[in-house]
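Shown next, in structure tokens, is the structure this report addresses.
The values are calculated or read from the model by the stated rules, or taken from the named source; none is laboratory data. None of these values were measured; they are calculated from a predicted model. Glycine gets a Cβ as well: all are built from the backbone with ideal geometry, and neighbour counts include every protein chain shown.
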Amino acid sequence: MTPPIISLRHVTKSYATGAPGRGSANVALDAVELDIPRGDIFGIIGASGAGKSTLVRLINLLERPDSGAIRVNGRDSGTVTGGELLKLRREIGMVFQHFNLLSARTVAENVAFPLRLAGVRDKTQIAARVSELLGRVGLSDHASKYPRQLSGGQKQRVGIARALACRPPILLCDEATSALDPETTRSVLGLLRELNRELGLTVVLITHEMDVVRQICHRVAVLDHGRIAETGAVEDVFLHPRHPATRVLVREAFGETLVHDRLGASGHVVRLTFLGAATYSPILSHLAREQGVEFTLLGGKLGTIRDEPFAQLNVAFTGGDQRAALARLKAAGISVETLTEPAGGIPQQPLREFADVV
Amino acid sequence: MSFDRIDWVQIGYAALDTLAMLGGALFFTVLFGLPLGVLLFLTGRGQLLQQGAVYAGLSFVLNILRSVPFIILLIVLMPVTTLITGTSLGVRGVIPPLVVGTTAFFARLVETALREVDRGVIDASRAMGGTTGQIVFHALLPEALPGILAGVTVTAIVLVDYTAMSGAIGGGGIGDLAIRYGYQRFQTEVMIVTVLLLVILVQLLQAGGNRLVQHFSRK
Ligand SMILES: Nc1ncnc2c1ncn2[C@@H]1O[C@H](COP(=O)(O)OP(=O)(O)O)[C@@H](O)[C@H]1O
Ligand SMILES: [Mg+2]
């Protein structure tokens, strides 16, 4: 396995609060351990004030940690200085929430800006690169416009083109879609996914919205009060959140889905999670027919993670051979969590009236 | 009152003198004030070259210069002026005190204009691997250009005011005429013409400045 392109070991960063010299320190990041695999779309999610932007500023070397080690693209960023530092910063393209474009420069000049900072002088070389980049982000017709003449989504595309100008292996996006409407967000995320696929770019997506993570990320780390609360594949973290902070973020994205107490918690209530092809299988009706288990839908969510469909349903079972039903669900690769067990244990024999029906 | 008595040639020369004082003083004010303003900005709290002591020291000196009334500055600086230009009279003699009088003011305007630049632009430039010099010349100054041009305009208008005042101590120009003829010899018509000329000059400067600011504003 290739080593991670970004890794943080026990990284701590605090800011002084109150009067200089006195006052307590505000711990923005606390002993953060993080590995970002090369070629991933990696989400870092957390509520406002969780320390996301601080993490970004440490990764792109705008600030130094109080303690701990940060490796970026094979180099220990704690030891680089001077020109090496500037070079390492160029290996990380940055995309910002508020675009941070030069308002006095045209779109083409904005995209050329990092090249000029990097000391590229050749005008034809710059022009060729700029037109290639503008083509890639779909703004070829807007090269000579000024940023204020563009929509938010177009501005962010300029921001992305600019970030890619020096061909960095890493693209770091801090709330890159937070100022955009849902439709524009989708199209910008689509562009990021395309860049990840076609250029092998590692994309680090910082956001406070689980929905953004759900749409394109492979893996995600949840940041809570400066600590990594949990990290894992998006499917796992999104569908089976363990940390309370993660649950809050998932709920924000999908609303409350647990309504099972309305039907009396005394029954047999399970949460079934279908992922991928299993989502389309008519297994519940099979259970009703073949195991005699009746089911009531109590709530749930349906959607996609990246392009993969999922369904997570809270279901109350009554009657039939529920044990066999559970075994059958598990065998079909459906995750089953028991929310409430019936008082007398899980029924095995079909009840009389169901036997009559069958 | 009779406008026939007015020596238009003399007024023409006086107007040229005023323009020369204005142009020369504005040139040197921008020459010294711009770098000072940039330094002031960069050494300020939370900025690229944060240097508390430098900022405080510079700030203190600029404040002193700004608090001395211009007419006092004119008199106090006479020996220095003679040393630099060889005279304390005429256009050349008046430019040094004019520059001293407005440089501090202009430096503050530059600092303010730079502070108006979106912080994100500096962050972005740093993240792209820009050096402090590159950030100043390629990002900060171009972004702050409209604000700086507005500052130049205000400074030019203050200079018109000061050139008129410097007439009192032999600086020449329109202000000098106004005082010598209009005030000391009671030729009210000269006073009226000179004041009108000054009004027109200020209006033109403001209109021109506005157009420039407009031209470079892309926000
Ligand atoms: N430059 C700074 N000076 C002082 N405190 C800061 C600074 N930057 C961030 N903080 C503090 O660090 C914590 C994390 O902030 P931040 O990283 O911006 O969070 P997020 O991006 O997740 O909203 C907050 O409590 C914030 O107030
Ligand atoms: Mg933030």
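Before moving on, here are some points about what is shown:
- In region A:33-71, the qualifying residues are those that are part of a strand (DSSP E or B) and within 12 Å of ligand 2 (Cβ to nearest atom), and the one that is surrounded by the fewest Cβ atoms within 10 Å (Cβ to Cβ) is A:Gly46.
- Residue satisfying condition, being within 14 Å of chain A (Cβ to nearest Cβ) and either of a type in the set (Lys, Arg) or in contact with a strand residue (DSSP E or B) (Cβ under 7 Å, 6 or more places away or on another chain) (or both), within set B:Ala144, B:Ala127: B:Ala127
- Condition met for B:Met165 (over 22 Å from the mean Cα position of the chain (by Cα) and away from chain A (no Cβ under 14 Å)): no
- Test: residue in region A:236-247 that is in contact with a Lys or Arg (Cβ under 7 Å, 6 or more places away or on another chain) and at pLDDT below 90: no
- Checked against (1) touching a residue at least 12 places away in the same chain (Cβ under 8 Å); (2) away from ligand 2 (no atom under 16 Å from the Cβ); (3) of a type outside the set (D, E, K, R); (4) farther than 24 Å from A:Pro65 by Cβ, A:Gly119 meets all criteria but (1).
- Condition met for B:Thr82 (surrounded by fewer than 17 Cβ atoms within 10 Å (Cβ to Cβ), hydroxyl-bearing (Ser, Thr, Tyr), part of a helix (DSSP H, G or I) and more than 14 Å from chain A (Cβ to nearest Cβ)): yes
- Near pairs, Cβ below 9 angstrom, 6+ apart or cross-chain, from region A:198-216 (within 14 Å of chain B (Cβ to nearest Cβ) and more than 20 Å from A:Gly39 (Cβ to Cβ)) to any residue that is away from ligand 1 (no atom under 16 Å from the Cβ) and at pLDDT 95 or above: none
- Filter result for A:Asn110 (under 26 Å from B:Gly133 (Cβ atoms), in a helix (DSSP H, G or I) and in contact with a Gly (Cβ under 9 Å, 6 or more places away or on another chain)): yes
- Tabulated pairs, region A:98-110, first closer than 16 Å to A:Ser151 by Cβ and within 8 Å of another protein chain (Cβ to nearest Cβ), second charged (D, E, K, R) and in a loop (DSSP other than H, G, I, E, B), C-beta under 6 angstrom, 6+ apart or interchain: A:Ser103/B:Arg218; A:Ser103/B:Lys219
- Subset tally (residues that are among the small types (Gly, Ala, Ser) and surrounded by fewer than 16 Cβ atoms within 10 Å (Cβ to Cβ)) for region A:316-331: 2
- Complete set of residues in region A:220-247 that are within 10 Å of the chain's Cα centre (by Cα), surrounded by fewer than 19 Cβ atoms within 10 Å (Cβ to Cβ) and within 14 Å of A:Leu34 (Cβ to Cβ): none
- Among the candidates A:Thr177, A:Thr124, the residue that is more than 10 Å from chain B (Cβ to nearest Cβ), among the hydroxyl-bearing types (Ser, Thr, Tyr) and buried (at least 17 other Cβ atoms within 10 Å of the Cβ) is uniquely A:Thr177.
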